[in-house]
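Worksheet: the structure to be examined is printed underneath.
The values are calculated or read from the model by the stated rules, or taken from the named source; none is laboratory data. Model, not experiment: these values are computed from the prediction. Positions of Cβ are backbone-derived with ideal geometry, glycine not excepted, and every protein chain shown enters the neighbour counts. To get the accessible areas, we keep the full protein, side chains included, count just its heavy atoms, and leave off ligands, DNA and RNA. Shrake-Rupley method; radii C 1.70, N 1.55, O 1.52, S 1.80 Å.
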2 protein chains.
Amino acid sequence: MALNETLKAINDPVRRAILDLLKTSDWTAGEIAANFDLAPATVSYHLKLLREAGLITLNKDKNFIYYSLNLSVFEELLGWIYALGGGPHDR
Amino acid sequence: MALNETLKAINDPVRRAILDLLKTSDWTAGEIAANFDLAPATVSYHLKLLREAGLITLNKDKNFIYYSLNLSVFEELLGWIYALGGGPHDR
DNA sequence: CTACAATTTAGATGAAATTCGAAATAGGAG
DNA sequence: CTCCTATTTCGAATTTCATCTAAATTGTAG
């Protein structure tokens, strides 16, 4: 069940902040890490979780790794919320 | 940040199944617990987390406690996903 | 009032998640 | 080839989470 992985991935403030960062444009792992008061290894761990959940993709250039958002993964989560009745309502 | 609490609450298969159950109609804590191979105390723990996140509300009658869905809490989560660009797309 | 049924709270335990520093990898640059 | 920089992987320490059993609570019935 991918829903499980998606929810685990976004169930962390750091990882959500990473996604927010990538909304604007792509960044390297180092640039992303510079936004947090965390060891690079820790940010790398978060990037791995996001990658495994399919929420980001990477692109290597020289010895930099650029990360990009992949939003299609949210479809299943939105589908679950809508089915529950929690979608956008009129009024 | 309520988003944090919402995501923690739905980041568990048991709690999502409880929400799915309540989609149909309201149930007592005992009826809900009967749906899982877990101790009643464990289900009670999950109900508490859902309650604290505002995703369910309770209603006491005799010595039963009926639980109901409260979907308005999803608005913030949907707002975040939409802002990220992950909302429903055309095509 | 006493006994009972439904549910929660408390305390303990094992498993999973987050973090760090140190070591390993990968790929230029000189 | 050797060094340097960017990034990840590894192993350990700490924290958070899910679960259970046992005890407490709440409220109904008799």
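Could you tell me whether residue A:87 is within 21 Å of residue B:54 (Cα to Cα), open to solvent by less than 90 Å² (accessible area, probe 1.4 Å) and in a loop (DSSP other than H, G, I, E, B)?
On the way: within 21 Å of residue B:54 (Cα to Cα): yes; open to solvent by less than 90 Å² (accessible area, probe 1.4 Å): yes; in a loop (DSSP other than H, G, I, E, B): yes.
Yes.
Could you identify the single residue in A:72, A:68 that is outside any helix (DSSP H, G or I) and under 12 Å from the mean Cα position of the chain (by Cα)?
Values: A:72 fails: outside any helix (DSSP H, G or I).
After applying the criteria, what remains is A:68.
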Looking at the structure I just gave you, is residue B:18 under 21 Å from residue A:1 (Cβ atoms) and either away from DNA strand C (no atom under 13 Å from the Cβ) or aliphatic (A, V, I, L, M) (or both)?
yes
Of the residues in the range B:22-56, how many are assigned to a helix (DSSP H, G or I), within 11 Å of another protein chain (Cβ to nearest Cβ) and in contact with a helix residue (DSSP H, G or I) (Cβ under 7 Å, 6 or more places away or on another chain)?
1
Can you name the number of the only condition in (1) near DNA strand D (Cβ under 10 Å from one of its atoms); (2) assigned to a helix (DSSP H, G or I) that residue A:15 fails?
(1)
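In this structure, is residue B:60 part of a helix (DSSP H, G or I) and either charged (D, E, K, R) or surrounded by 14 or more Cβ atoms within 10 Å (Cβ to Cβ) (or both)?
Numbers: part of a helix (DSSP H, G or I): no; either charged (D, E, K, R) or surrounded by 14 or more Cβ atoms within 10 Å (Cβ to Cβ) (or both): yes.
No; evaluated as a whole, the condition is false for this residue.
Give the residues of the range A:19-34 that are under 21 Å from residue A:61 (Cα atoms) and away from DNA strand D (no atom under 11 Å from the Cβ), sorted by residue number. Spell out the reasoning first.
Applying the first criterion (under 21 Å from residue A:61 (Cα atoms)) to the range A:19-34 yields A:19, A:21-34.
Hits for the range A:19-34 are A:19, A:21, A:22, A:23, A:24, A:25.
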